[in-house]
Amino acid sequence: MSVAAINFPAIRAIYRFEMARTFRTLMQSIASPVLSTSLYFVVFGTAIGSRMGQVDGVAYGAFIIPGLIMLSLLNESISNASFGIYLPKWSGTIFELLSAPVSYVEALIGYVGAAATKSVMLGVLILVTARAFVPYEIAHPLWMAGFLVLTSVTFSLFGFIIGLWADDFQKLQVIPLMVVTPLTFLGGAFYSIAMLPPIWQKITLFNPVVYLISGFRWSFYGVADVDVRLSLGMTVLFLALCLAVVRWIFKTGYKLRT
């Protein structure tokens, strides 16, 4: 599809509708995740962190900041995108979207773009809030912004897929709660995988979230559990996989025609 053929008014309408829904539910969409993450900073950063030594030359309170941001970012990206596309399915208005002169690419840009925007806003707010509890520095701000945006877009795409797949509200929460959150906690959010026994270090490398947290932490402090190029490559690979799945869903009509 050429740029000239893209229906920008349709993208803008979907994007603005989704963003308006966010601002109507600020307490749930923004304030609640920021508040819950602030409690982590209070408990782990201030109370516990002040009694612990450094990890990879970084104070523990500062060390966990990238992991906590990723924890909120992954869950909120998935939640925002999955609910955004599931709601039209649940209400039946998805058929109006499918019958309108709007391609799946335009619908994807609108829904995923809005979800990713919300996640980036949330990540920035958490980053600002962290300053009130823990001092930190960002060694590579451009890389930090790049990882923040790339992760938001990638997991918003993943959430979009979950929203298309789910047939009820319960299924929207299964993967974030039962899969993504445990993988994040086990992916080095609160520790360096170098602290694990050798066998568990190798097993942990099969956890895809390790690469996200490691790359993001490198952008802050210049330290990482895995090479930053590998972190970037794994994130881009997951992004490409999600795009391929979305294309297949809209091409075959899976979970859309019933």
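How many Lys pairs in the chain lie less than 18 angstrom apart by Cα atoms, where the lysines are 8 or more positions apart or on different chains?
Numbers: K89/K171; K89/K251; K89/K255; K171/K255.
Going through the chain pair by pair, I get 4.
Provide the per-residue ³J(HN,Hα) series for segment 57-65, in order, calculated from phi with Karplus coefficients 6.51, -1.76, 1.60 and θ = phi - 60°, each as a whole number of Hz, with x at glycine and proline positions.
Once θ is set to phi - 60°, the couplings for segment 57-65 become x, 10, 4, 4, x, 6, 4, 7, 4 Hz.
Would you work out which of V43, V226, I175 lies farthest towards the positive end of the dipole of segment 3-252, given +1 charges on the beta-carbon of Lys and Arg and -1 on that of Asp and Glu, about the Cα centre?
It is I175.
Using alpha-carbon pairs under 8 Å, 6+ residues apart, how would you state the relative contact order of segment 3-252 in percent?
Numbers: 295 pairs, mean separation 66.0, N = 250.
Relative CO of segment 3-252 lands at 26 percent.
Looking at segment 3-252, what % of the alpha carbon pairs are farther apart than 24 Å?
Numbers: 14592 of 31125 pairs.
In whole percent, the long-distance tail amounts to 47.
Which residue, W200, F238, Q28, has the largest displacement toward the positive end of the dipole of the chain when charges sit on each Cβ (Lys, Arg +1; Asp, Glu -1)?
Final value for the positive-end residue is Q28.
Bear in mind these aren't lab numbers, they're just calculated from the coordinates by the rules spelled out. It should be emphasised that the depicted structure is a prediction, and the values quoted were computed from it without experimental measurement. Positions of Cβ are backbone-derived with ideal geometry, glycine not excepted, and every protein chain shown enters the neighbour counts.
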